[in-house]
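Structure first, commentary second.
The values are calculated or read from the model by the stated rules, or taken from the named source; none is laboratory data. Everything numeric in this text was worked out from a predicted model, so none of it was measured. As a convention, Cβ positions derive from the backbone with ideal geometry for all residues, glycine included, and neighbour counts pool all protein chains shown. Keep in mind that these areas ignore ligands, DNA and RNA; they rest on the heavy atoms of the full protein, side chains included. Shrake-Rupley method; radii C 1.70, N 1.55, O 1.52, S 1.80 Å.
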Amino acid sequence: MAESTKTLQEQLLVRALSSSYITNAVLARNTPSLLTNPTYQVLGNILVRYYATDTKPISEASIKLGIDRYFKDENRRRSHKHEDPLTQQEELDITQTIDDVIETKPDSSDEIEESLDKYVKKTLASAAILEEAQRDSDDLSKRVEEKLDDINSLDINGSADTVVDVYRDVRKKAETYINDLGQAKIPSGLKTFDYVMSGGLQKGQIAMIGGKSGFGKTVFLSNLSYYYSMVSGHNVLQVSLEELMADSYMRFDRMHYRVTPSDMLNGDGKIDPNFIKNVLAKPHKPDKGTLLFKRYTPNTLTIDGLRQCIDASERQKGLKLDVVVLDYADLMRTSKKSDNEAVQGEELFQNLSKLAQEENVILITGTQLNRSAGSQEVMTLESIEGSYRKINTTAFAGTLNGTKEERDGGFMRIYLDKIRNRFVSDDYMLFKFDKGTMLLTDETDAEKVEHMSLINQDASNMKAQRRAEYAKGNGNDTSNSEMQDKANEIMSSLMGGNKED
């Protein structure tokens with residue numbers, strides 16, 4: 001750490017002087033651990049006592065009263081231990097040190113703020129782990145995880161206390177525009193996906209793909225991992241909670257080397273040595289990104305475990321991750337069990353969103369649709385497993401759709417449930433899908449015509465079926481009319497029906 005511990009402790013006190021939030025949420029947690037300088041501890045305890053009952057910034061008069069109280073209490077303590085009282089010089093030194101802190105200006109440089117954030121969280125985390133380890137061992141890991149989650153959520157530099165005057169703080173607003181718009185977007189390299197996201201997702205954002213079991217969630221997520229790393233050149237970590245490692249490796253190799261299972265396996269279903277020799281052994285192109293892979297068993301990975309996995313991956317490989325693909329969130333273990341699936345599902349995705357922001361990565365995951373999705377003409381995330389409120393945290397959310405004819409023809413269709421700051425009127429993304437290599441690609445004009453013809457045919461068949469059902473007396477005028485309109489809905493959305501975010 002470039003800054004000394006003394007400097008960081010001083011800057012923490014400077015922020016706490018005028019902030020009840022910093023004092024109560026940070027300093028009061030463990031003043032002795034955060035402030036190892038004895039005189040700094042005196043001021044820290046004065047602030048903790050004051051802000052425990054008052055939210056107005058502490059005055060110098062209140063600080064002086066607190067110092068006088070400390071002198072009396074310390075001399076009383078020394079008297080009980082038969083020690084000499086504080087000397088006049090000791091009292092002057094304490095008073096002067098506290099005055100120096102009061103006169104110090106807060107350093108808002110990026111270096112200091114980043115170092116202070118790390119210092120406080122590391123110090124509190126170490127103290128929390130030791131504290132819990134000294135207690136009984138029941139639920140030790142759970143207790144530690146909850147405390148660390150709480151510590152990681154702290155706003156060390158006090159931005160929770162600040163507001164921006166939208167029409168007067170022009171400089172701050174301009175900086176936000178420059179930092180947050182355009183430049184922060186990371187293209188995946190899959191043009192259709194990047195187009196609907198106005199150039200790509202931003203770090204700190206979450207994307208979610210929903211689908212029925214076996215409908216292609218893992219295929220889509222793996223394709224995004226491949227495109228972000230091998231096409232767009234970014235550093236990607238894919239975390240699997242379901243598939244075996246060999247199955248995942250095989251999928252990545254099929255996409256990357258444009259091979260099919262018959263190119264990789266011999267007659268008895270084992271890997272062909274010639275594939276390893278002639279394909280895998282070839283040098284990797286150095287100009288591409290990195291695709292890392294980690295597997296966990298279902299219901300073992302927690303939010304804190306995922307954070308540790310991200311940090312360990314960056315440390316071991318000496319790189320900064322840009323994208324984390326989680327296959328998929330519903331299979332994580334939640335630390336706080338709830339009988340309310342909606343509350344638990346929403347909380348899980350809120351924690352994932354917080355993690356993405358803290359680790360400064362794009363986080364892409366999947367979610368399962370419940371059984372009611374099978375009866376829908378157009379599957380949407382209204383049939384999400386657990387809670388529809390999961391969608392609130394996402395910048396992008398889509399649902400895998402498509403008929404058997406589309407899938408057999410090598411096409412994939414994704415309904416656009418949500419796009420933050422939406423500018424496209426389309427309701428679907430359309431892709432070509434190679435079932436042999438498992439690679440998604442942007443459709444050519446000819447492929448779009450073929451794909452649309454399949455959708456048109458399905459819509460026509462749907463109308464004919466509804467008319468036949470009505471003719472047999474299996475519905476009334478109202479329900480039949482509604483059902484016939486379902487086919488039109490698909491075509492209308494594909495042709496650019498307007499939709500709000």
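Can Ser137 be described as at pLDDT below 90, within 30 Å of Ala25 (Cβ to Cβ) and under 22 Å from the mean Cα position of the chain (by Cα)?
Answer is no for this residue.
Does at least one position in the stretch 418-426 carry a residue that is closer than 20 Å to Leu381 by Cα and modelled with pLDDT of 90 or more?
yes
Would you tally the residues in the stretch 403-445 being acidic (Asp, Glu) and open to solvent by less than 40 Å² (accessible area, probe 1.4 Å)? Break it down into steps so the answer makes sense when it comes.
Taking the stretch 403-445 first, the residues acidic (Asp, Glu) are 405-406, 408, 417, 426-427, 434, 442-443, 445.
With open to solvent by less than 40 Å² (accessible area, probe 1.4 Å) added as a condition, the list becomes 406, 417, 427, 443.
Selection size over the stretch 403-445: 4.
Quick test for you: out of Ile112, Ile129, Ile94, pick the one residue that is modelled with pLDDT of 90 or more, in contact with a Leu (Cβ under 9 Å, 6 or more places away or on another chain) and farther than 30 Å from Ser18 by Cβ.
Ile129
For Lys217, all conditions in the list (1) within 28 Å of Tyr415 (Cα to Cα); (2) open to solvent by 20 Å² or more (accessible area, probe 1.4 Å); (3) basic (Lys, Arg) hold save one; what is the number of the exception?
(2)
Pick from Asp322, Asp263, Asp327, Asp247: which is open to solvent by 20 Å² or more (accessible area, probe 1.4 Å) and more than 16 Å from Thr437 (Cβ to Cβ)?
Step by step, each of Asp322, Asp263, Asp327, Asp247 is checked, and only Asp322 is open to solvent by 20 Å² or more (accessible area, probe 1.4 Å) and more than 16 Å from Thr437 (Cβ to Cβ).
Counting just the residues of the stretch 432-460 that are polar (S, T, N, Q) and within 35 Å of the chain's Cα centre (by Cα), which one comes out nearest to Arg258 (Cα to Cα)? Step through it out loud before you land on a result.
Going through the stretch 432-460, the residues polar (S, T, N, Q) turn out to be 437, 441, 444, 453, 456-457, 460.
When the remaining residues are screened for being within 35 Å of the chain's Cα centre (by Cα), the result is 437, 441, 444.
Numbers: Thr437: 5, Thr441: 12, Thr444: 19 Å.
Residue satisfying both the conditions and the ranking: Thr437.
Taking the stated definitions as given, is Ile129 assigned to a helix (DSSP H, G or I), among the β-branched types (Val, Ile, Thr) and open to solvent by 70 Å² or more (accessible area, probe 1.4 Å)?
Values: assigned to a helix (DSSP H, G or I): yes; among the β-branched types (Val, Ile, Thr): yes; open to solvent by 70 Å² or more (accessible area, probe 1.4 Å): yes.
Yes, satisfied.
When the stretch 173-191 is examined, which residues are found to be open to solvent by 90 Å² or more (accessible area, probe 1.4 Å) and modelled with pLDDT under 90? So that I can check it myself, show each step before the final result.
Within the stretch 173-191, the subset open to solvent by 90 Å² or more (accessible area, probe 1.4 Å) is 177-179, 181, 183, 191.
Of everything in the stretch 173-191, those that are open to solvent by 90 Å² or more (accessible area, probe 1.4 Å) and modelled with pLDDT under 90 turn out to be Tyr177, Ile178, Asn179, Leu181, Gln183.
Can we say Tyr119 is open to solvent by 50 Å² or more (accessible area, probe 1.4 Å) and of a type in the set (Phe, Trp, Tyr)?
No, not satisfied.
Every residue in the stretch 142-159 that is more than 16 Å from Ser126 (Cβ to Cβ) and free of Cβ contacts under 8 Å to residues at least 24 places away in the same chain, please.
Once the filter is applied, which keeps residues that are more than 16 Å from Ser126 (Cβ to Cβ) and free of Cβ contacts under 8 Å to residues at least 24 places away in the same chain, the stretch 142-159 yields only Ser159.
Considering only the stretch 224-244, how many residues are open to solvent by 60 Å² or more (accessible area, probe 1.4 Å) and in a loop (DSSP other than H, G, I, E, B)?
2
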